[in-house]
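Notes follow once the structure below has been shown.
A short reminder: the numbers here are calculations on the coordinates, not readings from a lab. Quantities reported herein were computed from a predicted structural model and do not represent experimental measurements. Counting neighbours? That spans all protein chains shown, and the Cβs are built from the backbone with ideal geometry, glycine included.
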Amino acid sequence: MARRRRTETIGFYYILNYGAEKQNIFLDDEDFLKFLEIIDDSAIAYNFTVFTFSLMSDHYRLLLRTTHKNLSLLMRQINSRYGIYFNHKYKRVGPLFQGRFKSWFVHDEHCVNALAKYIELNALKTDIENKAGHCGWSMSSYAETLYCANNELIDGMDVTDGMNNDELDNVKKVLSANVELKEDAISIENAKKPAWYFTEFATRERAIAEAIADGYKQTTIASYLNVSNVTISKIYKKYRQKVQLFNKLRDKGIFWSYSKKITYCEASISMFIEHLLKYGDFDDIKLGVELFGKRVLFKVWDKRLKSDKQFIKLNLMLARIFFGMDVESSYFKEVKNERFEKLKLLAS
């Protein structure tokens, strides 16, 4: 009898997956880090957030929240990429994981909090018992390695006394509910036509990213735009790099006057580039030039930063190294602040 198609909706999911025959899937720290790197990369592509995780030698547990109906797609991406990495590194063949991943939709706030604690304790319990060959990583210890992490549920979490009866009941409620997703089939329900994305979103790269997040293949998008698959792949790769750079700077507190949760899509390109030029390190700015192009960065610098007398030394460095200008610091002392001049006129 055919299995039911996987039912998907937007919200919280508890994910569990074991290695084939419960063999180890993480053999050293590099493996743990690679898995988290793949999750981060997939989060940019498929717009999800991780609220906690527990990575054990022979399995992993995740609590994540999706914003698109694409759980099957994103989990296939994570498992497939990590499986390829692991098999190549250890010169093995065959499936790495024990069949389809298990997942439960979590709609109750109390159950979400209980599951977060349950997952955290999964790794801590193993550390305490000191089982040979079963080391684990939990989000409370390694959150800084994951850009797509949201710490709301684990901040201030007290795990010293384990789980109380109410918390255990909430976990059981989720695990015993008849809502486990049943099939790996990937489909686009009520799919929007490709044209919708390119009229709904202001930039082509955003439209491409949203279409992919909703399950469209890059080949389909390339065919619609009448461009090569390589072109779509390059655009999409740059978009993901921009989001990664934005998240890195946000998590360092560079966008201090904005919400701590602001996303790349919510911010303007001009704001992003201005803060990148002001507060990013040399390598960040260099990457910004590669991603946005020198002309775009120069335009923002010329309009927003060049006349700011607080950044004369920075402007001198930017002008000489990144924009190829043969100028001295005196040049910036004489530049008029156009925005300030306009304010003076309005006030007069």
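Here are a few things to note about the model shown:
- Ranked by how many other beta carbons lie within 10 Å on average, peptides 113-119, 193-199, 35-41 from highest: 113-119, 35-41, 193-199
- Spatially, the range 148-178 and the range 201-234 are offset by 39 Å when compared through their Cα centroids.
- Read-out semi-axes √(5λ) of the Cα gyration tensor in Å, derived from the coordinates shown; its label in [x] 35, 26, 17; [y] 27, 26, 20; [z] 43, 25, 20: [z]
- Per-residue ³J(HN,Hα) for the range 282-297, Karplus 6.51 cos²θ - 1.76 cosθ + 1.60, θ = phi - 60°, Hz, x for Gly and Pro: 4, 5, 5, 5, 4, 5, x, 4, 5, 7, 9, x, 4, 5, 5, 5
- In Hz, Karplus ³J(HN,Hα) per residue of the range 153-159 (6.51, -1.76, 1.60; θ = phi - 60°; x = Gly, Pro): 7, 9, 5, x, 5, 9, 10
- For Val300, Val230, Val93, order by how many other beta-carbon atoms lie within 10 Å, fewest first: Val93, Val230, Val300
- With all projection directions averaged, the alpha carbon convex hull of the range 12-176 covers 9.5 nm².
- Counting every other Cβ atom within 10 Å of each residue's Cβ, Asp28, Asp158, Asp251 order from fewest to most as Asp158, Asp28, Asp251.
- Divided by 2.2 N^0.38 Å, where N counts the residues, the Cα radius of gyration of the range 194-340 comes to 1.21.
- With helices as the sole contributors, the chain gives -15500 deg cm²/dmol at 222 nm; each DSSP H run of n ≥ 4 counts as -39500 (n - 2.57), and the sum is divided by every residue.
- Distance between modelled label sites at Lys252 and Asn87, nm, 7 Å Cα→Cβ extension: 3.8
- Pairwise label distance in nanometres, Lys192 with Asp108, each label 7 Å out on the Cα-Cβ vector: 3.4
- As a calculated quantity, the FRET efficiency between Leu168 and Met317 at R0 = 56 Å, using C-beta atoms, amounts to about 0.45.
- Neighbour-count order for His88, His110, His59, fewest beta carbons within 10 angstrom listed first: His88, His110, His59
- Once both labels are positioned 7 Å from their Cα atoms along Cα-to-Cβ, the gap between Glu21 and Glu328 label points is 7.6 nm.
- Unsatisfied cross-links (Cα-Cα over 30 Å) in the set Lys294/Lys333; Lys34/Lys237; Lys69/Lys91; Lys252/Lys303; Lys252/Lys294: Lys69/Lys91
- Degrees between helix 71-90 axis and first principal axis of the chain (Cα, 0 to 90, nearest 10): 90
- Under-5 Å amide H pairs with Tyr147, H placed in peptide plane, nonlocal only: none
- Degrees separating the helix 229-251 axis from the principal Cα axis of the chain, which is the longest one: 90
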